[in-house]
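The values are calculated or read from the model by the stated rules, or taken from the named source; none is laboratory data. Treat the numbers as computed from the prediction; the structure is a model and nothing was measured. Cβ atoms come from the backbone with ideal geometry, glycine included; neighbour counts cover every protein chain shown. Keep in mind that these areas ignore ligands, DNA and RNA; they rest on the heavy atoms of the full protein, side chains included. Shrake-Rupley method; radii C 1.70, N 1.55, O 1.52, S 1.80 Å.
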Amino acid sequence: MSNEKTAIRTTYFSLLGNIALALIKGLAGFFGNSYALIADAIESTTDIFSSFLVLLGFKYAEKPPDDNHPYGHGKIEPLITFIVVAFLVTSATIIAYESIQHIQTPHKVPESWTLFVLGGIILWKEISFQIVIRKSKQTNSSSLRADAWHHRSDAITSVMAFIGISIALIFGDGYETADDWAALLASAFILYNSFLIFRPALGEIMDEHQYDDLIDEIRIKSLEVEGVLGTEKCFIRKSGMQFHVDLHAIVDGNNSVEKGHWIAHELKDHLRKEIPNLGHVLIHIEPNEYTYN
């Protein structure tokens, strides 16, 4: 299965899971007198919209290169990631505001059974995070990584809610707001994770140098091609789930132009075969200064 298909299937998994959990959290929060659970439901609702956007982004990124987009449509991925981050920041802001309002308003202690609901949610969300983050690494998808951290941030808000409700239940009167303080603390975690997601996506848009391991692999694989004596400059740009490479290859300076052209094509084909995530590979031939006359 291609990386694109894998990413789309993983996003469907996230989307369906978020819809189910948003309903469960909202109902449990309403009937269980827990604002932390309601805040959690708000966060899951934003997850639904963000997962849907990620899905649309993957569908668009699947389109083949055309005259207007010779490198494909993969750059839509980090742009979608920015929107996902905006959803996270918005949900964190809403949760923080509502938490402060509830802290200032007397209310009932949450029902004890909400802890069982939260326990199941935490377990499911952490499992979801592990599944999606593994797929994001497999596909080199920044959007999937953002979606994975949605699951992790959801798990964090649920842990905070669990702690807050437990404190309110154990200590009773006077500690009713522990539930709300937990939601407020969870919003801070969400904001922090938003930055962790945003920063790599920004680097992808700006074509930052951040792929040293891949460069090392390209240099090693290049030496496996007959006629390549070494490599010089190697620049990498990420677009969606593919990496586009500009590589300077060193060859015998006494080779003919035809021979150099053949080596360049052999090198390009070899690299794309050995490293499937490579997209466009541009080879520039450099003569070895010790053999060039």
Review point. Using +1 on the beta carbon of Lys and Arg, -1 on that of Asp and Glu, and nothing else charged, what's the dipole of the range 172-281 about the Cα centre, debye to 20?
Key: 540 debye
Check your understanding: What angle, in degrees between 0 and 90 and rounded to the nearest 10, separates the Cα long axis of helix 142-171 from the longest principal axis of the Cα atoms of the chain?
Key -> 20 degrees
Point to revise | Check: the chain dipole with +1 on Lys, Arg Cβ and -1 on Asp, Glu Cβ, in debye | key: 620 debye
Review point. Out of Phe198, Gly172, Tyr60, whose Cα points farthest toward the positive end of the dipole of the chain (charges: +1 Lys, Arg; -1 Asp, Glu; placed on Cβ)?
Key: Gly172
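How large a share of the accessible area of the chain, in percent, is made up of carbon and sulfur atoms when the probe is 1.4 Å and the other protein chains stay in place?
63 percent
Return one whole number: the accessible area per residue of the chain in Å², for a 1.4 Å probe. All intermediate terms of the calculation are to be shown ahead of the outcome.
Values: 14720 Å² over 293 residues.
So the chain comes to 50 Å² accessible per residue, rounded to a whole number.
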Exercise for review: Compute the length gained on full extension between Ala188 and Phe31: take 0.36 nm times their separation in residues and subtract their Cα-Cα distance, giving the result in nm to one decimal.
Suggested key: 53.9 nm
Check your understanding: Leaving out same-chain residues fewer than 8 places away, which lysines sit with a Cα under 28 Å from that of Lys125?
Key -> Lys5, Lys25, Lys59, Lys108, Lys135, Lys137
Practice item. State the number of lysine pairs found in the range 212-287 whose Cα atoms come within less than 19 Å, restricting to pairs 8 or more positions apart or on distinct chains. Key: 7
Exercise for review: Calculate the spin-label point distance for Lys259 paired with Asn288, positioning each point 7 Å from the Cα along the beta-carbon direction, and give it in nanometres.
Suggested key: 1.1 nm
Study note, to complete from the structure: Out of Gly72, Gly32, Gly172, a Gaussian network model of the chain with alpha-carbon springs under 10 Å gives the largest mean-square fluctuation to Gly172
Review point. Given the C-alpha centroids of the range 181-243 and the range 20-87, what is the distance between them in whole angstrom?
Key: 22 Å
Practice item. In nm, give the distance between the simple-model label positions of Leu16 and Thr90, each being 7 Å from the Cα along the Cα-to-Cβ direction. Key: 2.6 nm
Practice item. Please identify every one of the GluC sites (Glu not before Pro) in the range 182-289 that sits in a loop by DSSP and has no more than 15 other beta carbons within 10 Å of its own beta carbon. Key: Glu208, Glu224, Glu226, Glu289
Practice item. Would you kindly state how much longer the chain becomes between Asp207 and Asp252 on full extension, computed as 0.36 nm times their sequence separation minus their alpha carbon distance, in nm to one decimal? Key: 13.0 nm
Review point. Comparing Ser143, Ser99, Ser50, which has the greatest mean-square fluctuation in the GNM of the chain with Cα pairs linked when under 10 Å apart?
Key: Ser99
**Study point:** Accessible surface, 1.4 Å probe, highest first, among residues Asp207, Asp213, Asp269
**Key:** Asp213, Asp269, Asp207
Point to revise | Nearest-0.05 FRET efficiency for Lys137 and Glu232, computed from C-beta distance (R0 35 Å) | key: 0.75
Exercise for review: Select from Ile197, Ile167, Ile220 the residue whose mean-square fluctuation is largest in a Gaussian network model of the chain (Cα-Cα springs shorter than 10 Å).
Suggested key: Ile220
Point to revise | Neighbour count of at most 13 Cβ within 10 Å plus DSSP loop: longest chymotrypsin sites (Phe, Trp or Tyr not before Pro)-free window in the chain | key: 114-289
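Per DSSP H run of n ≥ 4, the term is -39500 (n - 2.57); total these for the chain, divide by its residue number, and report the mean residue ellipticity at 222 nm rounded to 500 deg cm²/dmol. Before the final figure, lay out each step's value.
Numbers: 8 runs with 197 residues, N = 293.
Roughly -24000 deg cm²/dmol at 222 nm, from the helical runs in the chain.
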Revision key, fill the gap. Given unit charges at Cβ for Lys, Arg (+) and Asp, Glu (-), the dipole magnitude of the range 113-160 about its Cα centre in debye, nearest 20, is 220 debye
Review point. Can you give the extra length, in nm with one decimal, that the chain gains between Lys108 and Phe82 once fully stretched, where that is 0.36 nm per residue apart less the Cα-Cα distance?
Key: 5.5 nm
Revision key, fill the gap. Eigenvalues of the alpha-carbon gyration tensor of the chain, times 5 and square-rooted, give semi-axes in Å, largest first, of 52, 16, 14
Practice item. Can you figure out the FRET efficiency of Tyr71 with Leu23, using R₀ = 51 Å and their beta-carbon distance, to the nearest 0.05? Key: 0.80
Point to revise | Dipole of the chain, positive direction: furthest Cα of Gly26, Asn140, Phe87, with charges on the beta-carbon | key: Gly26
**Study point:** Positive-pole candidate from Ser239, Leu271, Gly260, dipole of the range 212-287, charges at beta carbon
**Key:** Ser239
Practice item. Provide the percentage of antiparallel DSSP beta bridges, counting only those with both residues in the chain; round to the nearest 5. Key: 50 percent
